[in-house]
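The values are calculated or read from the model by the stated rules, or taken from the named source; none is laboratory data. These numbers come from a predicted model, not from an experiment. Because the Cβ atoms are built from the backbone with ideal geometry, glycine has one as well, and the counts that use them run over all protein chains shown.
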Amino acid sequence: MISKPDYHQTEEFQNRSRKLEELRELGLEPFPNLYKPTHLTNELQEKYGNGTQSSSEDAAAGTTDEAIVAGRLVLFRAMGKNAFGHIQDATGRIQIMFNRDQTTIVGYDPENSSVKEPPKPIKLIEKKVDLGDIIGIKGHLFHTQKGELTLFAKEVTFLCKTLLPLADKHSGLHDKELRYRKRWLDLISNDEIRENFRTRSRIIRLIRNFMEERRFIEVETPILQSIYGGAEARPFTTELHALHQEMFMRISLEIPLKKLIVGGMDRVFEIGKVFRNEGIDRNHNPEFTLMEAYAAWWDYNDQMNFMEQLCEHLAMELHGKTTIPSTNPETGEVIELDLKAPWTRLSMKESIKKYANRDVDALSDDDMRKILIDSEEFDERKIKTMPRGILISSLFELEVEAQLIQPHHIIDFPIETTPLCKLHRDPKEREQGIVERFESFVLGGEMCNAYSELNDPELQRKLLEGQAEKRDAGDEEANPFDEEFVEAICQGMPPTAGIGIGIDRLIMLLTDNTYIRDVLLFPWMKPQS
């Protein structure tokens, strides 16, 4: 038998439960099936908020404009023959005036009530309605003497009796963990949070429009995969019981999208959830939203231009300019970011020379290992087996990333950082094992990962076999070998460039949020004890 939760024992829950039963005894239905508002509160505020809609007497006489609204009662105060409250819906609030003589309750007939002394409607509202209850109001609009738009309530309809109170504004709503864990309370109580997530929805819609205008086709690919790949990450595993088969939640969108390029869909993209069984911090959540886009006949220079154009477009749509306000996550300093193209472009080696004052080509592998070990930021056992390319990228991560505040493209990575990227076209760079890959950084964090895609099936097989060997040797983040993907490449993939953009991080950037949890409606939280 399931035990009842602790809140059932609270005085507030028991009082509200008692009021619920009393409403039913009065012949009222606290949870009706349907209610049809005619207006949202923001529509009324936009149309009437700055004008004068006669007086309360005119509204009482029914000579002013009528409206029907519905929402949560978030403020209530009785004042003699009148009572005032605020109704909040998805778009905002409006003041309501309840009147002792003219406000009625739909479905309530005191004359036929079995209760010995049934209350008048306004007293019933005062005694039985709590803050947080959802009600519908039909009435007429007017402005108070202070100019506040108000709806004179002619009819009140009970829509949902709440059994638990809203969070206390002076304590609970400032508790970050409570806000993340019980996001519905956060949304009810904080206008800026609701606006934050409306903006998130708008950004994703703008991205889709941007892609469509550039002839990209949106597709959907499997979330459950029998072989995972496309990134170095530990996957979540599950089982397909019908086939007694181990399955993986996808860590990337890359492999199936490239198969579509092989199939002749020359520009494809997907916006979807991916799942990586790794750390949780300011920039990471185990599930996050990723957009990957692939274009035949492009290279990584085209993708750099694409990233700049996308960010410029979003900044202009949201802020009306390409400079946006932001907060340095390390220092808390308020700064202005300039997303206008072109962004600074540096090779990984050039960035280390500029920002860390180190010439990588003059450093031995042991020199770099010592720097990394002394930093105590990396696992010493892993450092001892790192190849040169991973040592270089680790040195970049340690000493350069946090300094990339204004937008940068860091280009030309060592081949060891990815098995899916085309070797550099410059013979000198190719000889040193450099690939045509870039990552874009803003505010010291990675925003996207992109490259000219490898379409040589023999080299692809060799590099994926190397990944499989690393996995067999105990590297949990290395990919298993994917024969079907190699087969697809054997059947011919045109010159192609792909990009993966962390949508959550992009939204953090555009809305000036420092933590990924602030742009996720339901971020991952540790279970409560």
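Quick notes on this one:
- Looking across the range 409-454, just one residue is of a type in the set (S, T, N, Q) and either outside the structural domain of Asp302 (by TED's automatic domain parsing) or surrounded by fewer than 18 Cβ atoms within 10 Å (Cβ to Cβ) (or both), and that is Gln432.
- Subset of the range 276-286 (residues that are surrounded by 15 or more Cβ atoms within 10 Å (Cβ to Cβ) and closer than 20 Å to Leu509 by Cβ): Asn283, His284, Asn285
- Neighbours by Cβ (under 9 Å, 6+ apart or cross-chain): first from the range 1-13, within 18 Å of Asp133 (Cα to Cα); second of a type in the set (A, V, I, L, M, F, W, C) and assigned to a helix (DSSP H, G or I): Tyr7/Phe13
- Any helices (runs of 4 or more DSSP H) falling wholly within the range 354-422 and containing at least 2 residues that are within 28 Å of Glu312 (Cα to Cα) and not hydroxyl-bearing (Ser, Thr, Tyr): 388-399
- Some residue of the range 58-65 being of a type in the set (D, E, K, R) and exposed (fewer than 13 other Cβ atoms within 10 Å of the Cβ): no
- Taking the criterion of being surrounded by fewer than 22 Cβ atoms within 10 Å (Cβ to Cβ) and of a type in the set (S, T, N, Q), the residues of the range 289-325 that qualify are Thr289, Asn301, Asn305, Gln309, Thr322, Thr323.
- Unmet requirement for Val74, which otherwise passes all of (1) surrounded by 17 or more Cβ atoms within 10 Å (Cβ to Cβ); (2) β-branched (Val, Ile, Thr); (3) touching a Leu at 6+ places or on another chain (Cβ under 8 Å): (1)
- Taking (1) among the small types (Gly, Ala, Ser); (2) buried (at least 20 other Cβ atoms within 10 Å of the Cβ); (3) farther than 20 Å from Glu453 by Cα in turn, Ala231 satisfies each apart from (3).
- The combined condition, being on the phi > 0 side of the Ramachandran plot and out of contact with any Gly (no Cβ under 7 Å at 6 or more places or on another chain), is not fulfilled by Gly466.
- Output for the range 201-248, where each listed residue is free of Cβ contacts under 8 Å to residues at least 60 places away in the same chain, over 30 Å from Glu469 (Cα atoms) and within 21 Å of the chain's Cα centre (by Cα): Ser201, Arg205, Asn209, Glu218, Val219, Glu220
- If the condition is being closer than 22 Å to Gly433 by Cβ, surrounded by 12 or more Cβ atoms within 10 Å (Cβ to Cβ) and not basic (Lys, Arg), then the range 375-386 contributes Phe378, Ile383, Met386.
- Residue within the range 353-374 that is surrounded by 13 or more Cβ atoms within 10 Å (Cβ to Cβ) and among the polar types (S, T, N, Q) present: no
- The condition of being of a type outside the set (Gly, Ala, Ser), farther than 21 Å from Asp130 by Cα and either assigned by TED's automatic domain parsing to the domain that holds His86 or not in a helix (DSSP H, G or I) (or both) does not hold for Lys19.
- Residue pairs whose Cβ atoms lie under 6 Å apart, separated by 6 or more positions or on different chains, with the first residue in the range 486-499 and more than 14 Å from Leu459 (Cβ to Cβ) and the second assigned to a loop (DSSP other than H, G, I, E, B) and of a type in the set (A, V, I, L, M, F, W, C), are Ala497/Trp298.
- Test: residue in the range 149-167 that is surrounded by fewer than 16 Cβ atoms within 10 Å (Cβ to Cβ) and within 19 Å of Gln45 (Cα to Cα): no
- The range 414-430 residues that are under 20 Å from Ile255 (Cβ atoms), paired with ones that are of a type in the set (Ser, Thr, Tyr) (beta carbon under 6 Å, 6 or more apart): Thr417/Ser393; Cys421/Tyr451; Lys422/Ser452
- Yes/no for Arg198 being free of Cβ contacts under 8 Å to residues at least 60 places away in the same chain, assigned by TED's automatic domain parsing to the domain that holds Ile503, exposed (fewer than 15 other Cβ atoms within 10 Å of the Cβ) and in a loop (DSSP other than H, G, I, E, B): no
- Cross-chain or 6+ apart pairs with Cβ under 6 Å, the range 375-391 first and closer than 15 Å to Gly474 by Cα, then surrounded by 13 or more Cβ atoms within 10 Å (Cβ to Cβ) and charged (D, E, K, R): Ile383/Arg369
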